[in-house]
Amino acid sequence: MSKYDLSFQPPLMNAAGTLGFAPGRRAALDWTQFGAFITNPISLEPRAPAQERNCLTFPGGFLLRTGFPNPGLRQVLRRYALRWARSPLSVIVHLLVQRSEDLPWQVRLLEAAEGVTGVELGLPPDVDPETAQSWVSAAAGELPLIVRVPMERALALAPVVMDAGAAAVSLGAPRGALSAPNGKFQEGRLYGPAVFPLALHTARRLSQMKLPVIGAGGVYHPAQVEAMLAAGAIAVQLDAVLWRGGLPSPENPLR
Amino acid sequence: MSVYVGRITEVCLDSLGKLQVRIACPSGAIPGAGQYLRAWVPGDEQQALPLCLFPAEMQENGFLAAPPAPANWLPGMRLQLYGPLGAGFHIAPGVRRLALAAFGETPSRLLPLIPIALAQQADVTLFSELNPALLPPSVEVSSLNDLPEAIRWADFLALDITPQILPTLRQRLGLKANEPLSLKAQALVNAVMPCAGVAECGVCAIPARRGWKLACLDGPVFDLADLEW
(Lines give C-alpha, C1' and ligand atoms only; values in the text may rest on other atoms or scores of the structure.)
Protein backbone atom coordinates (compact mmCIF):
# COMPACT_ATOMS: atom_id res chain seq x y z
CA MET A 1 0.00 0.00 0.00
CA SER A 2 1.43 3.41 -0.84
CA LYS A 3 1.09 6.33 1.52
CA TYR A 4 -1.71 8.10 -0.27
CA ASP A 5 -3.83 5.42 -1.88
CA LEU A 6 -5.69 2.36 -0.83
CA SER A 7 -4.47 -0.60 -2.78
CA PHE A 8 -3.49 -3.62 -0.78
CA GLN A 9 -1.17 -6.27 -2.15
CA PRO A 10 -1.90 -8.96 -1.07
CA PRO A 11 -5.50 -7.84 -0.42
CA LEU A 12 -5.51 -9.23 3.10
CA MET A 13 -5.13 -7.69 6.53
CA ASN A 14 -6.22 -8.23 10.11
CA ALA A 15 -9.27 -6.58 11.62
CA ALA A 16 -8.68 -4.07 14.41
CA GLY A 17 -8.53 -5.74 17.79
CA THR A 18 -7.21 -9.08 16.59
CA LEU A 19 -3.41 -8.79 16.60
CA GLY A 20 -2.47 -6.17 19.16
CA PHE A 21 -0.77 -2.84 18.55
CA ALA A 22 2.13 -3.87 16.28
CA PRO A 23 3.04 -6.86 14.12
CA GLY A 24 4.76 -9.43 16.27
CA ARG A 25 5.65 -13.08 16.62
CA ARG A 26 2.95 -14.10 19.08
CA ALA A 27 0.41 -14.91 16.40
CA ALA A 28 2.77 -17.28 14.51
CA LEU A 29 1.56 -15.88 11.18
CA ASP A 30 3.12 -15.67 7.77
CA TRP A 31 3.20 -11.88 7.39
CA THR A 32 3.92 -12.09 3.66
CA GLN A 33 0.24 -13.01 3.24
CA PHE A 34 -0.74 -9.54 4.53
CA GLY A 35 -1.02 -6.25 2.66
CA ALA A 36 -1.35 -4.15 5.82
CA PHE A 37 -1.56 -4.34 9.60
CA ILE A 38 -4.38 -2.70 11.56
CA THR A 39 -3.71 -1.79 15.18
CA ASN A 40 -5.98 -2.48 18.10
CA PRO A 41 -8.52 0.30 18.63
CA ILE A 42 -6.84 3.29 20.29
CA SER A 43 -8.61 6.05 22.17
CA LEU A 44 -7.22 9.45 23.04
CA GLU A 45 -7.29 8.71 26.76
CA PRO A 46 -6.48 5.34 28.37
CA ARG A 47 -9.43 2.95 28.54
CA ALA A 48 -9.92 0.26 31.18
CA PRO A 49 -11.44 -3.12 30.29
CA ALA A 50 -15.23 -3.28 30.31
CA GLN A 51 -16.72 -4.00 33.72
CA GLU A 52 -18.75 -6.87 32.25
CA ARG A 53 -16.08 -8.15 29.85
CA ASN A 54 -16.83 -11.61 28.59
CA CYS A 55 -16.54 -14.16 25.82
CA LEU A 56 -19.53 -16.43 25.29
CA THR A 57 -19.56 -19.13 22.64
CA PHE A 58 -22.48 -20.24 20.51
CA PRO A 59 -22.62 -22.76 17.64
CA GLY A 60 -20.50 -21.27 14.85
CA GLY A 61 -19.12 -18.34 16.73
CA PHE A 62 -18.72 -16.32 19.87
CA LEU A 63 -19.77 -13.05 21.45
CA LEU A 64 -17.02 -10.80 22.72
CA ARG A 65 -17.22 -7.82 25.03
CA THR A 66 -13.92 -6.18 25.95
CA GLY A 67 -14.38 -2.41 26.19
CA PHE A 68 -11.35 -2.06 23.85
CA PRO A 69 -8.86 -1.45 26.68
CA ASN A 70 -5.81 0.49 25.56
CA PRO A 71 -3.24 2.81 27.13
CA GLY A 72 -4.29 5.88 25.09
CA LEU A 73 -2.81 7.34 21.93
CA ARG A 74 0.19 9.11 23.48
CA GLN A 75 1.29 6.01 25.38
CA VAL A 76 0.74 3.81 22.33
CA LEU A 77 2.92 6.12 20.24
CA ARG A 78 5.63 6.00 22.91
CA ARG A 79 5.54 2.20 23.04
CA TYR A 80 4.99 1.27 19.41
CA ALA A 81 6.05 4.08 17.05
CA LEU A 82 9.50 2.57 16.58
CA ARG A 83 8.04 -0.86 15.78
CA TRP A 84 5.65 0.71 13.28
CA ALA A 85 8.55 2.52 11.63
CA ARG A 86 10.51 -0.73 11.34
CA SER A 87 7.55 -2.84 10.28
CA PRO A 88 7.79 -4.42 6.83
CA LEU A 89 4.01 -4.01 6.68
CA SER A 90 2.04 -0.82 6.19
CA VAL A 91 0.50 0.11 9.53
CA ILE A 92 -3.02 1.48 9.70
CA VAL A 93 -3.93 2.94 13.07
CA HIS A 94 -7.46 2.33 14.28
CA LEU A 95 -8.82 5.30 16.22
CA LEU A 96 -11.78 5.09 18.57
CA VAL A 97 -13.71 8.31 18.37
CA GLN A 98 -14.47 10.05 21.64
CA ARG A 99 -14.75 13.74 20.72
CA SER A 100 -14.89 15.26 17.27
CA GLU A 101 -12.69 18.20 18.25
CA ASP A 102 -9.79 15.88 19.19
CA LEU A 103 -9.70 14.09 15.86
CA PRO A 104 -7.74 16.61 13.75
CA TRP A 105 -4.70 16.68 15.99
CA GLN A 106 -4.87 12.93 16.65
CA VAL A 107 -4.63 12.44 12.90
CA ARG A 108 -1.79 14.98 12.67
CA LEU A 109 0.13 13.01 15.33
CA LEU A 110 -0.27 9.90 13.19
CA GLU A 111 0.76 11.71 10.01
CA ALA A 112 4.07 12.45 11.72
CA ALA A 113 4.59 8.81 12.75
CA GLU A 114 6.85 6.89 10.39
CA GLY A 115 5.36 3.66 9.08
CA VAL A 116 1.75 4.76 9.53
CA THR A 117 0.11 4.69 6.12
CA GLY A 118 -3.53 5.08 6.99
CA VAL A 119 -6.15 5.66 9.64
CA GLU A 120 -9.17 3.51 10.33
CA LEU A 121 -11.90 5.31 12.23
CA GLY A 122 -14.11 3.07 14.35
CA LEU A 123 -17.68 4.28 14.57
CA PRO A 124 -19.71 3.25 17.62
CA PRO A 125 -22.69 0.99 16.94
CA ASP A 126 -25.32 3.62 17.73
CA VAL A 127 -23.84 6.56 15.80
CA ASP A 128 -26.28 8.64 13.78
CA PRO A 129 -25.43 9.61 10.17
CA GLU A 130 -24.93 13.32 10.90
CA THR A 131 -22.47 12.63 13.70
CA ALA A 132 -20.66 10.05 11.57
CA GLN A 133 -20.34 12.61 8.81
CA SER A 134 -18.90 15.26 11.11
CA TRP A 135 -16.37 12.82 12.60
CA VAL A 136 -15.16 11.72 9.19
CA SER A 137 -14.77 15.33 8.08
CA ALA A 138 -12.83 16.09 11.25
CA ALA A 139 -10.50 13.12 10.68
CA ALA A 140 -9.76 13.94 7.05
CA GLY A 141 -6.06 14.63 6.54
CA GLU A 142 -3.13 13.47 4.47
CA LEU A 143 -3.51 9.81 5.31
CA PRO A 144 -6.17 7.70 3.60
CA LEU A 145 -9.11 7.23 5.90
CA ILE A 146 -10.95 3.94 6.24
CA VAL A 147 -14.17 4.14 8.22
CA ARG A 148 -15.30 1.03 10.05
CA VAL A 149 -19.07 1.02 10.02
CA PRO A 150 -21.25 -1.30 12.10
CA MET A 151 -22.13 -4.19 9.77
CA GLU A 152 -25.84 -4.12 10.49
CA ARG A 153 -26.01 -0.38 9.59
CA ALA A 154 -23.43 -0.35 6.83
CA LEU A 155 -25.83 0.23 3.93
CA ALA A 156 -27.15 3.42 5.53
CA LEU A 157 -23.87 4.79 6.91
CA ALA A 158 -21.41 3.94 4.14
CA PRO A 159 -22.68 6.47 1.54
CA VAL A 160 -22.66 9.21 4.18
CA VAL A 161 -19.09 8.60 5.32
CA MET A 162 -17.84 8.24 1.74
CA ASP A 163 -19.38 11.63 0.89
CA ALA A 164 -17.61 13.08 3.93
CA GLY A 165 -14.18 12.06 2.65
CA ALA A 166 -13.54 8.42 3.53
CA ALA A 167 -11.36 6.45 1.13
CA ALA A 168 -13.12 3.18 1.91
CA VAL A 169 -15.37 1.54 4.47
CA SER A 170 -14.66 -1.61 6.44
CA LEU A 171 -17.20 -3.74 8.22
CA GLY A 172 -17.31 -3.82 12.01
CA ALA A 173 -18.44 -6.99 13.73
CA PRO A 174 -22.23 -7.12 14.14
CA ARG A 175 -23.63 -6.93 17.64
CA GLY A 176 -25.74 -9.50 19.38
CA ALA A 177 -26.85 -10.72 22.76
CA LEU A 178 -26.65 -14.01 24.62
CA SER A 179 -27.81 -15.18 27.96
CA ALA A 180 -24.73 -15.55 30.16
CA PRO A 181 -24.35 -18.44 32.64
CA ASN A 182 -25.40 -16.07 35.45
CA GLY A 183 -28.73 -15.55 33.67
CA LYS A 184 -28.02 -11.95 32.66
CA PHE A 185 -28.16 -10.83 29.05
CA GLN A 186 -24.77 -10.02 27.68
CA GLU A 187 -24.33 -7.80 24.63
CA GLY A 188 -21.23 -7.75 22.48
CA ARG A 189 -19.61 -8.16 19.10
CA LEU A 190 -20.17 -11.38 17.16
CA TYR A 191 -17.36 -13.33 15.52
CA GLY A 192 -16.91 -16.74 13.93
CA PRO A 193 -17.89 -18.59 10.77
CA ALA A 194 -21.61 -18.02 11.45
CA VAL A 195 -21.12 -14.31 10.68
CA PHE A 196 -19.80 -14.88 7.16
CA PRO A 197 -23.07 -14.97 5.16
CA LEU A 198 -24.17 -11.62 6.62
CA ALA A 199 -20.73 -10.14 5.99
CA LEU A 200 -20.64 -11.35 2.38
CA HIS A 201 -24.15 -10.05 1.73
CA THR A 202 -23.23 -6.63 3.14
CA ALA A 203 -19.96 -6.39 1.20
CA ARG A 204 -21.78 -7.37 -2.00
CA ARG A 205 -24.51 -4.78 -1.53
CA LEU A 206 -21.98 -2.01 -0.82
CA SER A 207 -19.98 -2.99 -3.86
CA GLN A 208 -23.15 -2.88 -5.98
CA MET A 209 -23.58 0.69 -4.67
CA LYS A 210 -20.07 1.40 -6.16
CA LEU A 211 -18.60 1.98 -2.71
CA PRO A 212 -15.06 0.74 -1.91
CA VAL A 213 -15.51 -1.83 0.81
CA ILE A 214 -13.06 -3.91 2.82
CA GLY A 215 -14.93 -7.10 3.60
CA ALA A 216 -14.76 -8.55 7.08
CA GLY A 217 -16.59 -11.00 9.28
CA GLY A 218 -16.39 -14.74 9.74
CA VAL A 219 -13.69 -15.40 7.16
CA TYR A 220 -12.06 -18.71 8.12
CA HIS A 221 -11.08 -20.17 4.75
CA PRO A 222 -9.27 -18.98 1.58
CA ALA A 223 -12.43 -19.71 -0.45
CA GLN A 224 -14.25 -17.13 1.67
CA VAL A 225 -11.55 -14.55 0.89
CA GLU A 226 -12.07 -15.31 -2.78
CA ALA A 227 -15.84 -14.97 -2.37
CA MET A 228 -15.44 -11.55 -0.72
CA LEU A 229 -13.17 -10.35 -3.53
CA ALA A 230 -15.52 -11.78 -6.16
CA ALA A 231 -18.35 -9.85 -4.48
CA GLY A 232 -16.40 -6.66 -5.12
CA ALA A 233 -14.47 -6.08 -1.88
CA ILE A 234 -11.16 -4.27 -2.45
CA ALA A 235 -9.57 -6.26 0.39
CA VAL A 236 -10.51 -8.58 3.22
CA GLN A 237 -9.93 -8.33 6.95
CA LEU A 238 -9.42 -11.49 9.01
CA ASP A 239 -10.44 -11.64 12.65
CA ALA A 240 -10.60 -14.56 15.06
CA VAL A 241 -9.15 -17.06 12.57
CA LEU A 242 -5.85 -15.30 13.30
CA TRP A 243 -6.05 -16.61 16.88
CA ARG A 244 -5.82 -20.11 15.47
CA GLY A 245 -2.87 -19.49 13.19
CA GLY A 246 -4.55 -17.87 10.19
CA LEU A 247 -6.06 -19.29 7.04
CA PRO A 248 -5.34 -22.86 6.01
CA SER A 249 -3.25 -23.07 2.86
CA PRO A 250 -1.84 -25.84 0.64
CA GLU A 251 1.55 -25.17 2.27
CA ASN A 252 0.07 -25.27 5.75
CA PRO A 253 -3.13 -27.33 5.83
CA LEU A 254 -2.81 -27.66 9.62
CA ARG A 255 -4.19 -24.19 10.36
CA MET B 1 7.32 -20.86 22.19
CA SER B 2 6.72 -22.55 18.87
CA VAL B 3 4.13 -24.25 16.73
CA TYR B 4 3.82 -28.01 17.23
CA VAL B 5 1.65 -30.83 15.99
CA GLY B 6 0.11 -33.05 18.65
CA ARG B 7 -2.15 -36.07 18.54
CA ILE B 8 -4.96 -37.11 20.85
CA THR B 9 -4.06 -40.56 22.13
CA GLU B 10 -6.84 -41.05 24.67
CA VAL B 11 -10.18 -39.55 25.62
CA CYS B 12 -11.38 -40.36 29.10
CA LEU B 13 -13.54 -39.17 31.97
CA ASP B 14 -11.81 -37.95 35.10
CA SER B 15 -13.00 -39.07 38.52
CA LEU B 16 -15.49 -36.19 38.52
CA GLY B 17 -17.00 -37.25 35.19
CA LYS B 18 -15.39 -34.52 33.11
CA LEU B 19 -14.01 -35.23 29.66
CA GLN B 20 -10.26 -34.96 29.32
CA VAL B 21 -7.70 -35.89 26.69
CA ARG B 22 -4.19 -37.26 26.67
CA ILE B 23 -2.00 -35.67 24.01
CA ALA B 24 1.20 -36.94 22.45
CA CYS B 25 3.50 -34.10 21.43
CA PRO B 26 7.17 -33.13 21.27
CA SER B 27 8.73 -32.52 24.67
CA GLY B 28 9.21 -28.83 23.88
CA ALA B 29 5.45 -28.40 23.64
CA ILE B 30 4.65 -29.74 27.10
CA PRO B 31 3.58 -26.82 29.30
CA GLY B 32 4.97 -26.42 32.80
CA ALA B 33 2.62 -26.38 35.80
CA GLY B 34 0.25 -23.45 35.33
CA GLN B 35 1.31 -22.75 31.75
CA TYR B 36 -0.92 -23.42 28.76
CA LEU B 37 -0.99 -24.20 25.04
CA ARG B 38 -3.16 -22.60 22.38
CA ALA B 39 -4.74 -25.61 20.60
CA TRP B 40 -7.17 -26.29 17.80
CA VAL B 41 -8.16 -29.06 15.42
CA PRO B 42 -7.05 -28.05 11.91
CA GLY B 43 -9.99 -27.55 9.61
CA ASP B 44 -12.59 -27.61 12.38
CA GLU B 45 -14.41 -24.38 11.56
CA GLN B 46 -17.09 -25.07 14.16
CA GLN B 47 -14.50 -24.42 16.83
CA ALA B 48 -14.26 -20.70 16.21
CA LEU B 49 -11.75 -20.14 18.98
CA PRO B 50 -8.62 -22.01 19.97
CA LEU B 51 -8.72 -23.82 23.28
CA CYS B 52 -6.33 -23.09 26.13
CA LEU B 53 -4.99 -26.44 27.34
CA PHE B 54 -3.47 -26.72 30.80
CA PRO B 55 -1.54 -29.80 31.90
CA ALA B 56 -2.92 -32.06 34.62
CA GLU B 57 -0.11 -34.60 34.36
CA MET B 58 3.13 -34.56 32.40
CA GLN B 59 4.71 -37.54 30.68
CA GLU B 60 7.84 -38.06 28.63
CA ASN B 61 6.04 -37.85 25.29
CA GLY B 62 3.07 -35.67 26.06
CA PHE B 63 0.64 -34.72 28.76
CA LEU B 64 -2.83 -35.23 30.13
CA ALA B 65 -4.80 -32.02 29.64
CA ALA B 66 -6.95 -30.65 32.44
CA PRO B 67 -10.67 -30.96 31.70
CA PRO B 68 -12.95 -30.06 30.14
CA ALA B 69 -12.16 -31.18 26.58
CA PRO B 70 -14.53 -30.52 23.65
CA ALA B 71 -17.03 -33.34 23.13
CA ASN B 72 -16.00 -33.74 19.47
CA TRP B 73 -12.33 -34.41 20.21
CA LEU B 74 -11.54 -38.06 19.44
CA PRO B 75 -8.51 -40.35 19.70
CA GLY B 76 -6.26 -40.05 16.67
CA MET B 77 -7.18 -36.43 15.92
CA ARG B 78 -4.33 -34.12 15.11
CA LEU B 79 -4.03 -30.87 17.04
CA GLN B 80 -2.19 -27.71 16.19
CA LEU B 81 -0.41 -26.58 19.37
CA TYR B 82 1.19 -23.24 20.04
CA GLY B 83 3.21 -22.50 23.12
CA PRO B 84 3.96 -23.17 25.92
CA LEU B 85 2.49 -19.83 26.90
CA GLY B 86 2.27 -17.69 29.99
CA ALA B 87 3.85 -17.65 33.42
CA GLY B 88 3.54 -20.86 35.40
CA PHE B 89 3.98 -21.76 39.07
CA HIS B 90 7.36 -21.47 40.68
CA ILE B 91 7.89 -23.41 43.87
CA ALA B 92 11.17 -22.56 45.56
CA PRO B 93 13.39 -25.55 46.47
CA GLY B 94 13.07 -24.66 50.16
CA VAL B 95 9.29 -25.17 50.28
CA ARG B 96 8.41 -27.96 52.74
CA ARG B 97 4.65 -27.57 53.33
CA LEU B 98 2.62 -26.98 50.22
CA ALA B 99 -1.07 -26.12 50.35
CA LEU B 100 -3.01 -26.44 47.10
CA ALA B 101 -6.44 -24.82 46.97
CA ALA B 102 -8.77 -25.39 44.02
CA PHE B 103 -11.83 -23.17 43.87
CA GLY B 104 -12.84 -24.01 40.32
CA GLU B 105 -14.66 -26.89 38.67
CA THR B 106 -11.58 -29.10 38.79
CA PRO B 107 -8.40 -29.32 40.86
CA SER B 108 -6.56 -30.76 37.83
CA ARG B 109 -4.55 -27.68 36.96
CA LEU B 110 -2.83 -27.85 40.36
CA LEU B 111 -1.95 -31.54 40.20
CA PRO B 112 1.36 -31.10 38.29
CA LEU B 113 2.70 -29.36 41.40
CA ILE B 114 2.39 -32.52 43.48
CA PRO B 115 5.31 -34.50 42.00
CA ILE B 116 7.47 -31.37 42.11
CA ALA B 117 6.72 -30.90 45.80
CA LEU B 118 7.09 -34.57 46.71
CA ALA B 119 10.45 -34.68 44.93
CA GLN B 120 11.72 -32.08 47.36
CA GLN B 121 10.26 -33.96 50.35
CA ALA B 122 7.51 -31.43 50.94
CA ASP B 123 4.22 -32.30 52.64
CA VAL B 124 1.25 -31.61 50.38
CA THR B 125 -2.40 -30.97 51.22
CA LEU B 126 -5.04 -30.37 48.58
CA PHE B 127 -7.97 -28.19 49.64
CA SER B 128 -10.91 -28.83 47.37
CA GLU B 129 -14.53 -29.83 47.46
CA LEU B 130 -13.79 -32.11 44.50
CA ASN B 131 -11.70 -35.15 45.27
CA PRO B 132 -9.62 -36.36 42.32
CA ALA B 133 -8.79 -40.03 42.13
CA LEU B 134 -5.30 -41.52 42.09
CA LEU B 135 -3.53 -38.99 44.25
CA PRO B 136 -0.28 -40.19 45.83
CA PRO B 137 -1.13 -41.62 49.26
CA SER B 138 1.00 -39.05 51.02
CA VAL B 139 -1.19 -36.21 49.76
CA GLU B 140 -3.90 -35.19 52.19
CA VAL B 141 -7.23 -33.89 50.95
CA SER B 142 -9.22 -31.40 52.94
CA SER B 143 -12.18 -29.07 52.60
CA LEU B 144 -11.77 -25.49 51.42
CA ASN B 145 -13.37 -24.51 54.72
CA ASP B 146 -10.11 -25.58 56.40
CA LEU B 147 -8.02 -23.08 54.44
CA PRO B 148 -7.71 -20.54 57.29
CA GLU B 149 -5.87 -23.18 59.34
CA ALA B 150 -3.83 -24.26 56.35
CA ILE B 151 -2.26 -20.88 55.82
CA ARG B 152 -0.84 -21.08 59.34
CA TRP B 153 0.66 -24.50 58.57
CA ALA B 154 1.89 -24.11 55.00
CA ASP B 155 4.93 -22.25 53.73
CA PHE B 156 3.56 -21.98 50.18
CA LEU B 157 0.02 -21.65 48.91
CA ALA B 158 -0.92 -22.41 45.30
CA LEU B 159 -4.42 -21.42 44.27
CA ASP B 160 -6.63 -22.14 41.28
CA ILE B 161 -9.28 -19.43 41.23
CA THR B 162 -11.57 -17.56 38.91
CA PRO B 163 -11.52 -13.75 38.71
CA GLN B 164 -14.92 -13.77 40.42
CA ILE B 165 -13.42 -15.47 43.51
CA LEU B 166 -10.71 -12.83 43.99
CA PRO B 167 -12.88 -10.26 45.82
CA THR B 168 -13.95 -12.92 48.36
CA LEU B 169 -10.53 -14.53 48.79
CA ARG B 170 -9.57 -12.60 51.93
CA GLN B 171 -12.68 -13.91 53.65
CA ARG B 172 -12.10 -17.46 52.40
CA LEU B 173 -8.57 -17.39 53.78
CA GLY B 174 -9.88 -16.18 57.13
CA LEU B 175 -7.97 -12.90 56.92
CA LYS B 176 -9.20 -9.66 58.43
CA ALA B 177 -9.32 -6.52 56.30
CA ASN B 178 -5.75 -5.35 55.55
CA GLU B 179 -4.27 -8.35 57.39
CA PRO B 180 -1.27 -9.48 55.31
CA LEU B 181 -0.86 -13.05 54.15
CA SER B 182 2.06 -14.53 56.07
CA LEU B 183 3.23 -16.97 53.41
CA LYS B 184 4.21 -16.88 49.77
CA ALA B 185 1.20 -17.49 47.54
CA GLN B 186 0.66 -17.85 43.81
CA ALA B 187 -2.68 -17.98 42.04
CA LEU B 188 -3.56 -19.50 38.70
CA VAL B 189 -6.36 -17.17 37.62
CA ASN B 190 -8.63 -19.19 35.44
CA ALA B 191 -10.01 -16.44 33.20
CA VAL B 192 -11.48 -16.88 29.75
CA MET B 193 -8.63 -16.18 27.31
CA PRO B 194 -10.16 -16.09 23.83
CA CYS B 195 -7.16 -14.61 22.04
CA ALA B 196 -4.56 -16.37 24.22
CA GLY B 197 -2.34 -13.31 24.15
CA VAL B 198 -2.38 -12.71 20.41
CA ALA B 199 -4.60 -9.62 20.52
CA GLU B 200 -4.32 -8.31 24.08
CA CYS B 201 -8.11 -8.21 23.77
CA GLY B 202 -8.63 -7.56 27.47
CA VAL B 203 -11.29 -10.15 28.29
CA CYS B 204 -8.92 -11.80 30.76
CA ALA B 205 -7.89 -8.53 32.47
CA ILE B 206 -7.34 -8.95 36.20
CA PRO B 207 -7.28 -6.01 38.64
CA ALA B 208 -3.75 -5.65 39.97
CA ARG B 209 -2.07 -3.53 42.64
CA ARG B 210 -0.98 -1.23 39.81
CA GLY B 211 -3.57 -1.09 37.04
CA TRP B 212 -4.53 -4.23 35.17
CA LYS B 213 -2.77 -7.41 34.23
CA LEU B 214 -3.70 -9.82 31.45
CA ALA B 215 -3.99 -13.46 32.49
CA CYS B 216 -2.96 -14.57 29.00
CA LEU B 217 0.32 -12.62 28.94
CA ASP B 218 1.24 -11.59 32.48
CA GLY B 219 -0.16 -14.78 34.03
CA PRO B 220 -2.09 -16.98 34.19
CA VAL B 221 -0.11 -17.60 37.41
CA PHE B 222 0.44 -14.47 39.48
CA ASP B 223 2.07 -13.76 42.78
CA LEU B 224 -0.97 -13.07 44.91
CA ALA B 225 0.79 -10.00 46.29
CA ASP B 226 0.66 -8.41 42.83
CA LEU B 227 -3.12 -8.70 42.51
CA GLU B 228 -5.91 -6.60 43.94
CA TRP B 229 -7.90 -8.85 46.27
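Structure notes:
- Taken about its Cα centre, the range A:12-244 carries a charge dipole of about 660 debye when Lys and Arg each add +1 at the Cβ and Asp and Glu each add -1 at the Cβ.
- Inter-chain neighbour count for A:241-248: the average number of beta-carbon atoms from partner chains within 10 Å of each residue's beta-carbon is 6.
- Kirkwood estimate for the protein assembly as shown, i.e. one over the average of 1/r between Cα atoms, Å: 23.8
- Within the straight-line cut-off of under 20 Å between alpha carbons, none of the lysines are reachable from residue B:18, sequence neighbours fewer than 8 places apart in one chain being disregarded.
- For the protein assembly as shown, the antiparallel share of DSSP beta bridges with both residues in that region comes to about 50%.
- Using only side-chain charges placed at the Cβ, +1 for Lys and Arg and -1 for Asp and Glu, the dipole size of chain B relative to its Cα centre rounds to 280 debye.
- Cross-link reach list, lysines versus residue B:213, counting only Cα pairs under 29 Å and skipping chain neighbours closer than eight places: A:184, B:176, B:184
- Electrostatic bookkeeping for residue B:128 treats Lys and Arg as +1 and Asp and Glu as -1; over the other residues with beta carbon under 12 Å from its beta carbon, the sum is -4.
- The Cα atoms of chain B cover 52, 42, 30 Å along the three principal axes, with the biggest extent listed first.
- Sequence-distant contacts, meaning Cα pairs under 8 Å at least 6 residues apart, place the relative contact order of chain A at 19 percent.
- Net charge of neighbours whose Cβ lies under 15 Å from the Cβ of residue A:192, counting Lys and Arg as +1 and Asp and Glu as -1: +1
- Gap separating the Cα centres of the range A:56-110 and the range A:204-236, nearest whole Å: 23
- Rounded to the nearest whole Hz, the Karplus-based 3J(HN,Hα) values (6.51 cos²θ - 1.76 cosθ + 1.60, θ = phi - 60°) of the range A:53-62 follow the sequence 5, 6, 9, 10, 8, 9, x, x, x, 7, with x at glycine and proline.
- Cross-link partners of residue A:210 among lysines (Cα-Cα below 25 Å; sequence separation of 8 or more within a chain): A:3
- In whole angstrom, chain A maps to an equivalent ellipsoid with semi-axes of 24, 22, 20, each derived as √(5λ) from the alpha carbon gyration tensor and ordered largest first.
- Sites listed here are GluC sites (Glu not before Pro) in the range B:110-183 whose DSSP assignment is loop and whose Cβ has at most 15 other Cβ atoms within 10 Å: B:129.
- Annotation: amide H-H contacts under 5 Å for residue A:172 (H modelled 1.01 Å from N, sequence separation of 5 or more, or interchain): A:149, A:151.
- Average 1/r across all pairs of distinct alpha carbons in the range B:101-173, invert it, and you get the Kirkwood radius: 12.7 Å.
- Most positive-pole-ward Cα, B:153, B:178, B:108, against dipole of chain B from beta carbon charges: B:178
- Of all accessible heavy-atom area on chain B, the percent that carbon and sulfur account for (1.4 Å): 51
- Compactness check for the range A:119-249: Cα Rg over 2.2 N^0.38 Å is 1.08.
- A cut-off of 5 Å between modelled amide H atoms, ignoring neighbours fewer than 5 places along the same chain, links residue B:142 with B:126, B:127, B:128.
- Computed [θ] at 222 nm, deg cm²/dmol, chain A (DSSP H ≥ 4; -39,500 (n - 2.57); rounded to nearest 500): -8000 deg cm²/dmol
The values are calculated or read from the model by the stated rules, or taken from the named source; none is laboratory data. These figures come from a predicted structure and were not determined experimentally. Every residue, glycine as well, gets a Cβ built from its backbone with ideal geometry; the counts of neighbours run over all protein chains shown. Accessible surface is based on the protein model in full, side chains and every heavy atom, while ligands, DNA and RNA are left aside. Shrake-Rupley method; radii C 1.70, N 1.55, O 1.52, S 1.80 Å.
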